[in-house]
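Participant: Submitted below is the structure of interest, expressed as structure tokens.
The values are calculated or read from the model by the stated rules, or taken from the named source; none is laboratory data. None of these values were measured; they are calculated from a predicted model. Here the Cβ positions follow ideal geometry from the backbone for every residue, glycine too, while neighbour counts run over all protein chains shown.
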Amino acid sequence: MSPQLAVTLIVFAPLAGALVAGLFGRLIGHRVAQIVTTGLLFVACALAWVTFRQVFGGAWPHAFTVTLAPFIHVGRFVSDWSIRIDSLSAVMLVVVTSVSALVHLYSWGYMRTDPHRARFFAYLSLFTFAMLALVTAADFMQLFFGWEGVGLASYLLIGFWYEKPTANAAAIKAFVVNRVGDAGFALGIMTVFWAFGSIRFADVFPLVASHADLAWRFGSAQFRLMDLACVLLFIGAMGKSAQFLLHTWLPDAMEGPTPVSALIHAATMVTAGVYMVCLLSPMFEAAPVAKGVVTVVGAITCLFAATIGLAQNDIKRVIAYSTCSQLGYMFFAAGIGAYPAAMFHLFTHAFFKALLFLGAGSVIEAMHHEQDMRHMGALWNKTPITYVVMLLGTLAITGVGIPGLDLGFAGFYSKDAIINAAYVASATQGTAMFAFICGVVAAGLTSFYSWRLIFMTFHGHAKWGAHEAHGHDAHADHGAHGHGAHTPHESPWVMILPLILLSVGAVFAGGVFDESFVGGDRAGFWGSALSATTSGTLLDQIHHLPQWVVLAPLAVTAVGFFAAWYYYIAREGLAARIAARRGLLWAFLYNKWYFDELYDAVFVRGAKALGDLFWKGGDKKLIDGLGPDGVSEVSYAVGRGVSRVQTGYVYHYAFVMLLGVAGLVSYALWAFR
Amino acid sequence: MTPVHLAALAAPQLLLAGASLVLLVVGAFRPKAIRLVAGLGVLSLLAAVGVVAIEPLGRAFGGDLVADQGAAFAEAVIYLASAAAILLGQPWFARRGQARFEFPILILIAALGMGMMCRAADLISLFVAIELQSLSLYILAAFEKSDGKSAEAGLKYFVLGALSTGIMLYGVSLIYGFAGGTSFARIAAAVAHGASGGVLFGLVFLICGLAFKVSAAPFHMWTPDVYEGAPTPVVGFFAGAPKLAAMVLLARVLTESFGPALAQWRQILVVMAILSVAVGALAGLRQSNLKRLWAYSSIASIGYALIGLAAGGPEGVQAMLVYMTLYVVDVTGFFACLAALAREGRPLESFADVSGLVRQRPGLAVAMTVFALSGLGLPPFSGLWGKFYVFKAAISAGLAPAAVAALIGSVVAAYYYLRLVKVMWLDAPEGQIDAPPAEAAGLAYAAAFFVFPVVLIALMALDPAARAAALALVQG
């Protein structure tokens, strides 16, 4: 099979599945729709691994582009539908298709009683297609197409249970918040076109050096176009990847079915922002201000989301904030210039985060759609496989490993690479030290909330069964599921199998690919796909660090573990009592730093007030009042006046005629002077 | 000039005069032969159209009567409209037990008067022609003697018409006094080297008198009352042919004898035109009676025609002629629709009457919609093309502000045209509607078919014909 055909099949197989399941779902039934979409996804996944092997094995060209069809050709603005394959997109192809295929399979079990399964699978496949279009884009236009396509699929899937008002609200929130980011993204693309006269990556990147100092004068201010473009593009990434200030939609997006959370809101779509920054690394390298912004925003997010994760009780929300926090790591890694480390963490994170989400789904399934961890506990022997894989996922995310032997779970390699690189970079970049501190602290917090999740869910006393009143945000997750026996049970094999496969990734993805992604082989691995200007020096030096820097992440992780053990095992109930006191710090964290309230007050109500002002004051009173309504009012009144003159009396008519004669004659005398 | 030659130059008039006399005799001896009289009346009108087409051109009776393309063009339209009036009116009166043989004869005599108006080249013949036409119309307005409203309409029309005649006569006498003659050529000679104040004063009075005939504001007051009271087919006739005749007469007077004073009379016309458009648009907003509404619509239409005329020159006169011709078809068709619609013998005259019409009489509802949209000036209906000619002429004559004002008027008027469409298409129908009489429905459909799409082809012939007519009128 030629490389071109293979990659075309990878991208379009999910689209075909989406079309079949979406358009003919009723006709062919749920079962066939499931088989078709999942089958096509596995085909795409197999081809993606083949592509990965061949590209890195050297059998195929290391980078090539398949041009499929013209998209927009207007003047100098040229965009084609195309598939760009290089190291970066090859990695993403593997991540996206693997997780997507496993999530498809997992959904067979998780969604088995849902009456709209065909629609669900159609959306999943549609999402996968859009994501693949995004990662294989050869120009900004297709990148934007994929960007919006995944946004659409995300919206549809968050609101999949459309009878639920909360799901609808969450879907709308996700869409609207992403609009803010997308506005920045679109402006960024326009800036790129303005500066370079092209939107094709292949045209733009070589020109970066010569255009680096282009500036835009606005009033007395001057903006470097590279910084401007990159900051604007990063605003788009902030929206899609739920970074600080634009993060509010991600926790709410957990209203969607759990497989969706795993695929879209953990492993793939939310990492699109990171992917974009890495993809555009040649541009970011020429934009120091933008890099600083990325670093700071990433670092803040990484710490801030972790603090919120400490106090949440909904199992999925904890993982959602964890995702947010891990994305922060990736961003500050990209911000300091360690693009390979960012991509490495993206890669490993996809496995262990999808694993955690799907494991959580399995727990939720076992608990009959209970999501509140306060009503769980002691599940480890009821759902042993789920317990083990969750444990592996937690070890991976907390980055457990032995520094000396260089042996550990996936997160150990990728997260430590990021933290170490930040330390190295702090010698030259001011913001990197801030990122380093945030990263280390966040690592401790990550350990605490991850173990807290494990302890609350699987250990301690069973808090289920005793009372019937499991929270009814519960149904939450599943409309049509009947209530069977209330004993927790292990999930069916279609759900377990993906968990096992993902846990393999969570354990080994780090160790196996460490050398290629960030180690000595990285130059050959990445080729020209990532800018090596800064990352080269950074990653060369991470193995020559002070001992305390190397040990710091592990130490805080241990502290986090013991703290969690103390609060939730040794002194079980202590945490609940702290929560019951409703202290200031607890409330601040539990209410997510009050961001929703702040945005509601400022933007939602502010926008409404502004809208009311323009609507009632501006449009209705001013424009309508003086415009259409006023004019029609006046016309009508004049019409009534004219009609009133129409009395029906001949002498009135004659009088008007004589007035007319007199008036016209007077006018004539005046006009003809 | 031999008598034969003279007769040839006045052939249509002689034909119509003879026909009306003969028919009068026929009617007097055979009062029941109304259909025969009507049929012969229609035939003589059609014959007159034929004669108009082939007669020689020239001036007769010492220049009092002129036969040129201008007259021929207008007369052809007028005679056809008159024939349509007979076709529409005779069965209408018959259905109401009011059939009398005088109706076709009165139309013939009015047509004779209108034909003369088109040919008048002297103040005396102008006056005689107008009066011949007006007196016939007064009688026609009151033709439904048993109906109080019809009688009222006739009386009002007559009294106010007499007043307007007085005003016009005063103007005529002033012009005669200051110009020293009654023929247009003579007046032209007097005005050639700058018009004296007295002549212009007389001209304003003359224009006022003619403005009454075309119901231009502020001499429009009679129109709604007369249209509401007069029998529907008669209104259809009133609203069309006589106005075209009066406009042609006005064009001839103004361009032939007062051509050098264009700058002066243009101002009077523009004032009247804008007033007419405004009154027609605004007062129409509150009408509930369709005949009254169309009275206002016709007032507004005359405003547009006056703008065309005010533009002056061949282009302006051509615009006026095209506009008026299309307008005559439009208005005749609309009143044919109204004549076709009745509920248990009672004609449908108000908005409420035609509500939901499309569900009972879809054909007529579509036709009325076409006429309403054409009146509004919506593409691709004929009204648009008329307005197009007018605005084009106005803009090239530097009257863009007047064109804009007229355009604003037509936006306001859109309300009532669209309201009619909305009432017919969207509101609930009420009560059974009588089967429409064939002749009225046929005429309505034919007119609607002309308004769109035939007009697109017809314009190809209409455009050069109107241009030739306009050239003849302007150059004298």
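Participant: Quick one: which of B:D434, B:D463, B:D427 is among the charged types (D, E, K, R), under 22 Å from the mean Cα position of the chain (by Cα) and more than 18 Å from B:W294 (Cα to Cα)?
Facilitator: B:D463
Participant: Could you tell me which of the residues A:A202, A:A262, A:A237 is surrounded by fewer than 24 Cβ atoms within 10 Å (Cβ to Cβ), modelled with pLDDT of 90 or more, part of a helix (DSSP H, G or I) and not aromatic (F, W, Y)?
Facilitator: After applying the criteria, what remains is A:A202.
Participant: Kindly indicate the residue of the range A:422-454 that is in contact (Cβ under 8 Å) with a residue 60 or more places away in the chain and either among the charged types (D, E, K, R) or outside any helix (DSSP H, G or I) (or both) and also farthest from A:G298 (Cα to Cα) among those meeting that condition.
Facilitator: Among those that are in contact (Cβ under 8 Å) with a residue 60 or more places away in the chain and either among the charged types (D, E, K, R) or outside any helix (DSSP H, G or I) (or both), it is A:R452.
Participant: Right, next: Go through B:L43, B:L6, B:L87 for me and flag whichever is surrounded by fewer than 20 Cβ atoms within 10 Å (Cβ to Cβ) and either touching a residue at least 60 places away in the same chain (Cβ under 8 Å) or over 28 Å from B:D330 (Cα atoms) (or both).
Facilitator: None of the others qualify; the one that does is B:L6.
Participant: Here is a follow-up. So which of B:Q264, B:Q287 is within 14 Å of another protein chain (Cβ to nearest Cβ) and not in a helix (DSSP H, G or I)?
Facilitator: B:Q287
Participant: In the range A:84-179, which helices (runs of 4 or more DSSP H) lie fully inside it and hold 3 or more residues that are more than 26 Å from A:G505 (Cβ to Cβ), of a type outside the set (D, E) and out of contact with any strand residue (DSSP E or B) (no Cβ under 6 Å at 6 or more places or on another chain)?
Facilitator: The qualifying helices (runs of 4 or more DSSP H) are A:117-135, A:140-158.
Participant: A:F344: crowded, with 24+ Cβ neighbours inside 10 Å, within 16 Å of A:V318 (Cβ to Cβ) and aromatic (F, W, Y), yes or no?
Facilitator: No: the conditions fail for A:F344.
Participant: In the range A:62-83, which residues are of a type in the set (D, E, K, R) and either surrounded by 14 or more Cβ atoms within 10 Å (Cβ to Cβ) or part of a strand (DSSP E or B) (or both)?
Facilitator: Result: A:D80, single match.
Participant: Still on this structure, please answer the following. Which residue out of A:G618, A:G639, A:G625 is over 60 Å from the mean Cα position of the chain (by Cα), modelled with pLDDT under 85 and part of a helix (DSSP H, G or I)?
Facilitator: Going through A:G618, A:G639, A:G625 in turn, the sole match is A:G639.
Participant: Just to check your reading of the model, which residue among B:S288, B:S298 is under 19 Å from the mean Cα position of the chain (by Cα) and hydroxyl-bearing (S, T, Y)?
Facilitator: Criteria check complete, one pass: B:S298.
Participant: Here's a follow-up. Considering only the range B:230-246, I want to know if a residue exists there that is more than 8 Å from chain A (Cβ to nearest Cβ), among the aromatic types (F, W, Y) and outside any loop (DSSP other than H, G, I, E, B).
Facilitator: Scanning the range B:230-246 turns up at least one residue that is more than 8 Å from chain A (Cβ to nearest Cβ), among the aromatic types (F, W, Y) and outside any loop (DSSP other than H, G, I, E, B).
Participant: May I pose another question? When residues of the range B:270-284 are filtered for being within 10 Å of another protein chain (Cβ to nearest Cβ) and of a type outside the set (G, A, S), how many remain?
Facilitator: 5
Participant: Would you mind finding the one in B:F127, B:F93, B:F103 that is in a helix (DSSP H, G or I) and closer than 28 Å to B:T182 by Cα?
Facilitator: B:F127
Participant: Tell me the residue from B:D330, B:D353 that is of a type in the set (D, E) and part of a helix (DSSP H, G or I), please.
Facilitator: That would be B:D330, the only listed residue that is of a type in the set (D, E) and part of a helix (DSSP H, G or I).
Participant: Also, I was wondering about something else. Give the range A:660-670 a look and list any residue that's among the aliphatic types (A, V, I, L, M) and either more than 7 Å from chain B (Cβ to nearest Cβ) or loosely packed, with under 14 Cβ neighbours inside 10 Å (or both), or say none.
Facilitator: Selection gives A:A662, A:L669.
Participant: Anything in the range B:247-260 that is part of a helix (DSSP H, G or I) and in contact (Cβ under 8 Å) with a residue 60 or more places away in the chain? List them, or say none.
Facilitator: Matches in the range B:247-260: B:M247, B:V248, B:L249, B:A251, B:R252, B:V253, B:T255, B:E256, B:S257, B:G259, B:P260.
Participant: Taking B:K422, is it away from chain A (no Cβ under 14 Å), surrounded by fewer than 16 Cβ atoms within 10 Å (Cβ to Cβ), in a helix (DSSP H, G or I) and among the basic types (K, R)?
Facilitator: yes
Participant: Filter the range A:395-411 for residues that are under 19 Å from A:L445 (Cβ atoms) and part of a loop (DSSP other than H, G, I, E, B) and give the result.
Facilitator: A:G399, A:V400, A:F409
Participant: Mind checking whether some residue in the range A:243-255 is at positive phi and either surrounded by fewer than 24 Cβ atoms within 10 Å (Cβ to Cβ) or not small (G, A, S) (or both)?
Facilitator: Checked against the condition, which is being at positive phi and either surrounded by fewer than 24 Cβ atoms within 10 Å (Cβ to Cβ) or not small (G, A, S) (or both), the range A:243-255 yields at least one hit.
Residue-by-condition table, conditions (1) closer than 21 Å to B:A428 by Cβ; (2) in contact (Cβ under 8 Å) with a residue 24 or more places away in the chain; (3) touching an Asp or Glu at 6+ places or on another chain (Cβ under 9 Å); (4) of a type in the set (K, R):
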{"residue": "B:G345", "(1), (2), (3), (4)": "no, yes, yes, no"}
{"residue": "B:E349", "(1), (2), (3), (4)": "yes, yes, yes, no"}
{"residue": "B:R359", "(1), (2), (3), (4)": "yes, yes, no, yes"}
{"residue": "B:L364", "(1), (2), (3), (4)": "yes, yes, no, no"}
{"residue": "B:M368", "(1), (2), (3), (4)": "yes, yes, no, no"}
{"residue": "B:F371", "(1), (2), (3), (4)": "no, yes, yes, no"}
{"residue": "B:L378", "(1), (2), (3), (4)": "no, no, no, no"}
{"residue": "B:S382", "(1), (2), (3), (4)": "no, yes, yes, no"}
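Participant: Pairs please, first residue from the range B:162-177 and within 13 Å of chain A (Cβ to nearest Cβ) and under 15 Å from B:D122 (Cα atoms), second anywhere and hydroxyl-bearing (S, T, Y) and surrounded by fewer than 16 Cβ atoms within 10 Å (Cβ to Cβ), Cβ atoms under 6 Å, 6+ apart in sequence or on different chains.
Facilitator: If the second residue must be hydroxyl-bearing (S, T, Y) and surrounded by fewer than 16 Cβ atoms within 10 Å (Cβ to Cβ), no pairs are left.
Participant: Determine, yes or no, whether A:V550 is out of contact with any Cys (no Cβ under 9 Å at 6 or more places or on another chain) and either in a loop (DSSP other than H, G, I, E, B) or touching a residue at least 12 places away in the same chain (Cβ under 8 Å) (or both).
Facilitator: yes
Participant: Something else about it: Quick one: which residue in B:A195, B:A190 is more than 20 Å from B:I307 (Cα to Cα) and within 11 Å of another protein chain (Cβ to nearest Cβ)?
Facilitator: On inspection, the qualifying residue turns out to be B:A195.
Participant: A follow-up question, please. List the pairs whose first member sits in the range A:634-659 and is facing another protein chain (nearest Cβ under 8 Å) and over 18 Å from B:E152 (Cα atoms), whose second member is assigned to a helix (DSSP H, G or I) and at pLDDT below 85, and whose Cβ atoms are under 9 Å apart, counting only residues at least 6 apart or on separate chains?
Facilitator: A:V656/A:V645
Let's see how each residue does on (1) surrounded by 24 or more Cβ atoms within 10 Å (Cβ to Cβ); (2) touching a Cys at 6+ places or on another chain (Cβ under 7 Å); (3) not hydrophobic (A, V, I, L, M, F, W, C):
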| position | (1), (2), (3) |
| --- | --- |
| B:F201 | no, no, no |
| B:H220 | yes, no, yes |
| B:L254 | yes, no, no |
| B:A281 | yes, no, no |
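Participant: List the residue pairs whose Cβ atoms are under 6 Å apart, where the first residue sits in the range A:119-139 and is touching a residue at least 40 places away in the same chain (Cβ under 8 Å), the second is of a type in the set (K, R), and the two are 6 or more positions apart or on different chains.
Facilitator: Qualifying pairs under 6 Å: A:T136/A:R84; A:A138/A:R84; A:D139/A:R200.
Participant: Can I ask one more? List the helices (runs of 4 or more DSSP H) that sit entirely inside the range A:281-394 and contain at least 1 residues that are among the polar types (S, T, N, Q) and over 20 Å from the mean Cα position of the chain (by Cα).
Facilitator: Qualifying helices (runs of 4 or more DSSP H): A:339-366.
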